[in-house]
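Comments concern the structure below.
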């Protein structure tokens, strides 16, 4: 039975390249001189350290611009609150979200069920598997989900297409 998986993943190398570019821009910009602003990866997260909330917001804007230019959607980012870490320094953690949350997976499943297509959707961890008897029905389900990405506030990819 033909099937495919619906996932929501970012490209790690593009995020890494965007962080590197943003770091280089911050080092070279005049308005960041003397502020000890740094941008670094901490596992799957990004950490901004600087001496004021305004500079933290400016560094975040630089990061957003670099991510957008590299084609990484900003919906993968989860900004945490700016917190003081002492010695007149602030820090902001930006978590990178990957996968489809359980409630969003249920929305996708309901959307496919309500569309009256002859396919079945099942939740498989942080992905949704869609299976049907005909390729045309699966392609119609893909097109339906592509059209609903903004409503779901997710960036969806389709992989593991099996015949």
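Derivation of every value follows stated rules applied to the coordinates shown; laboratory data play no part. In this text, all values refer to a predicted model and were calculated from it rather than measured experimentally. Quick reminder, even Gly has a Cβ in these numbers, built from the backbone with ideal geometry, and neighbours come from all protein chains shown.
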message: If I fit a long axis through the Cα atoms of helix 12-28 and take the longest principal axis of the Cα atoms of the chain, what angle between them do I get, 0 to 90°, rounded to 10?
response: 20
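Assuming 0.36 nm per residue, please report the length gained on full extension of the stretch residue 159 to residue 135 beyond their Cα-Cα distance.
On the way: separation 24, 0.36 × 24 = 8.64 nm, distance 1.41 nm.
That pair, residue 159 and residue 135, stretches by 7.2 nm at full extension.
Compute the FRET efficiency between residue 95 and residue 149 as 1/(1 + (r/R0)^6), taking r as their Cβ-Cβ distance and R0 = 22 Å, and round to the nearest 0.05.
On the way: r = 21 Å, r/R0 = 0.96.
The computed FRET efficiency comes out at 0.55.
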- request: Provide the FRET efficiency to the nearest 0.05 for the residue 81-residue 51 pair, computing r from the beta carbons and using R0 = 22 Å.
  value: 0.80
query: Taking Cα atoms, how many degrees apart are the long axis of helix 102-114 and the longest axis of the chain, rounded to 10 and kept between 0 and 90?
result: 30
statement: Which of (1) 1.03; (2) 1.31; (3) 0.93 gives Cα Rg over 2.2 N^0.38 Å as computed here? It is (2)
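Please arrange 55, 133, 97, 116 by how many other C-beta atoms lie within 10 Å of their C-beta, fewest to most. Provide the component values of the computation, followed by the final result.
Details: 55 19, 133 12, 97 15, 116 6.
The fewest-first ordering by Cβ neighbours comes to 116, 133, 97, 55.
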- prompt: Relative to a virtual label point 7 Å from the Cα of residue 111 in the Cα→beta-carbon direction, which members of region 122-148 show backbone nitrogen distances below 19 Å?
  reply: 122-132, 137-148
field: Ordering of 28-36, 80-88, 98-106, 4-12 by burial proxy (mean other Cβ atoms within 10 Å per residue, highest first)
entry: 4-12, 98-106, 28-36, 80-88
query: Where does helix 135-147 land angle-wise versus the long Cα axis of the chain, in degrees 0 to 90, nearest 10?
result: 30
